Every structure is written in structure tokens, then in C-alpha cells.
1. Scan the strands (runs of 3 or more DSSP E) fully inside the stretch 73-178 and keep the ones with 1 or more residues being more than 18 Å from Phe47 (Cβ to Cβ) and modelled with pLDDT under 95.
2. Residues in the stretch 57-85 that are free of Cβ contacts under 8 Å to residues at least 40 places away in the same chain and more than 21 Å from the chain's Cα centre (by Cα): how many?
3. If Thr153 meets every condition in (1) more than 14 Å from Tyr76 (Cα to Cα); (2) among the hydroxyl-bearing types (Ser, Thr, Tyr); (3) in contact (Cβ under 8 Å) with a residue 24 or more places away in the chain apart from one, which number is that one?
Amino acid sequence: MIGGGNQQRFVRGGRGATRVLARGLAALCAIAGLAFSSDHASAEGPFAGLTGTWRGAAQIKLQSGNAETLKCNAYYTPKGSGTELGIAIRCASASNKIELRAQLVHSGGQVSGRWEERTYNAAGDVTGQANDGRLSLSIDGGAFKGSMAVRTTGASQSVTIKTEGVALQGVNISLSKG
């Protein structure tokens, strides 16, 4: 019998073994609590209401006047101490898609960073504000200009993007958390 002696000592140990087991479990719970606290802390700050995965639909409007409905997934990933945010929004249908990415930093009440839309080859610098689950951004890419507004209320979110200088004129996205 392999390990049989150790098993018997554990069983015979009674209260001592139980105390060791209880201390071990307490230590694991403390470590798990610290991990939860640091995840929770990174979700604090001006981007807290945006954090997570969102799903829904978008209505896009093209320069040609065509409009179409697309299915969307959005991912908001906090970084640092909650003052940085990564955004990835992907919307697609059988004939169209948009793939938006942004890296934002909040400092001194202002937001700055980079924004890009990969399908329509648009990119630019971002400036604006973030608070209480809301983003209000201006995008400047030289010949390309735009704005992006994100409004979050509970488990619902709306994203409005308006652009000038590319074939994509605008996007209205309605999302739900999860």
C-alpha cells in the first residue's frame, strides 16, 4: 500500500489535521480574495461601467446611401489601475463588416489614445472624456474625422459613431451585457 502510513497518520491526527486543513483552506481563500480584489480594483475608475463583453446589433450607413443591419460583439478590457481601456468592437453581416479597436488612457479628467477601423482603413488620435459608463470621443486622422459616443445604463449600451472622409458614414450600435 503506497502512502498508507501517511493516510493513517492523517486520520489519527484528528483535530491537528483538521486545524492544518482549515489553515490551508483559509490561506487559499485569502489568496483568492486578493485575486478578486485586484480584479475588482482594475474595474474601478472612469471605465468601470464599460468593462466586459457586450452583444447586439448595429445599423451602418455608407457614403453610397446604403444602410444595413449587422450583428455585433464588443469587448472592453481595463488595464493598469482602471485608467486604461482596450476596446474591440466587431460587427458583421453577409455583405459588410466593421472592426473597430481603440486604446484609451484617462488622466486628469481627459481621455486620449488611438482609434482604428480596420475594414475601412481609418485611424486617428482620440481625445475626449469618460465618466459614469459614458465615453465622448473626437477622432482625428488627418483626412478622416469622426466622433464616438458610448452610453451605458445598467446592462444596456448604445454606441454612436459618425465619420467624415471614409465610405463609412456612421454606425448606431445597441448592445446588452454578456
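1. The strands (runs of 3 or more DSSP E) meeting that bar are 97-107, 110-117, 122-131, 134-141, 144-153, 156-164, 168-177.
2. The total comes to 5.
3. Thr153 satisfies all of (1) more than 14 Å from Tyr76 (Cα to Cα); (2) among the hydroxyl-bearing types (Ser, Thr, Tyr); (3) in contact (Cβ under 8 Å) with a residue 24 or more places away in the chain except (3).
The values are calculated or read from the model by the stated rules, or taken from the named source; none is laboratory data. Note that the structure is a prediction, hence the values are computed from the model and not measured. Positions of Cβ are backbone-derived with ideal geometry, glycine not excepted, and every protein chain shown enters the neighbour counts.
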